[in-house]
Amino acid sequence: MKTFVAVLATAISAASYVAAIIPDNQPLHINSNLDRGLALALANNVPTAFLLVDSPGDGSGSDLTLFNTTAGDKVGKIEHNGLCVTANGIGPGFAGDLLYVDTCSEDPAQLWEISSARATISNADNNCITVGQDALRASAILARCTLAQAELQEWTTFVA
């Protein structure tokens, strides 16, 4: 019985840890593992605004680096004030691979997996949100998830 209780306590503790890594519906900063001084950000707070990397904001209502996720460590949306990150109409090999936001909808192109195990943010087509270059205000792009680009595709979430 003691073994069962110990195993149960460990499982509950581990589940709490995973939930703490990527909380559901809590304001988050999503920082690049390449440079912790770079966070995902909106170019501005309107539909079709591009996604880029910028200095993490202050967590206020006007912070364009603040996002909510709708599924924690599962497949869900990455949202900011009713705008969701989307891959609709873009992808590797397309003329445009720049990520942008649009009004949140039931569009499957707005679904992302934030993987705490791999530290990547990917869509159903195995494309990852990727740092375009290691510089403030650089574009966030959609690129095929690969180990060769791992340092550009790994992210850490922080509760704001």
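Where a number appears in this text, it was derived from the coordinates with a stated rule and is not lab data. Keep in mind it's a predicted model, so treat the numbers as computed, not measured. Note that each Cβ is placed from the backbone with ideal geometry, even for glycine, and that neighbours are counted across all protein chains shown.
Quick notes on this structure:
- In nm, spacing of pseudo-spin labels at S62 and F158 (7 Å Cα→C-beta vector): 2.1 nm
- Available extension along the chain between D107 and Q149 is 12.4 nm, counting 0.36 nm per residue and deducting the alpha carbon span.
- Between the alpha-carbon centres of the stretch 94-160 and the stretch 37-84 there is a gap of 12 Å.
- Residues with amide H under 5 Å from that of Q26, placed H, sequence gap 5 or more: T69
- Cα pair distances of the stretch 28-148 binned at 5 Å [whole percent]: 2, 13, 23, 28, 23, 10, 2, 0
- Between A119 and K74, the modelled label-to-label distance comes to 2.6 nm, taking each label 7 Å out from Cα in the direction of the beta carbon.
- The phi-based Karplus calculation (6.51 cos²θ - 1.76 cosθ + 1.60; θ = phi - 60°) puts the 3J(HN,Hα) values of the stretch 125-138 at 8, 6, 10, 10, 5, 10, 5, x, 7, 7, 7, 4, 6, 6 Hz, whole numbers, x for Gly and Pro.
- Summing Lys and Arg as +1 and Asp and Glu as -1 over all other residues whose Cβ lies under 15 Å from the Cβ of G132 gives a net charge of -4.
- 12 Å cut-off, amide nitrogen to a point 7 angstrom out along A138 Cα→Cβ, residues in the stretch 44-62: 53-54
- Residues in the stretch 151-158 carry Karplus couplings, in order, of 5, 8, 10, 9, 9, 10, 9, 10 Hz; the curve used is 6.51 cos²θ - 1.76 cosθ + 1.60 with θ = phi - 60°, and Gly or Pro positions show x.
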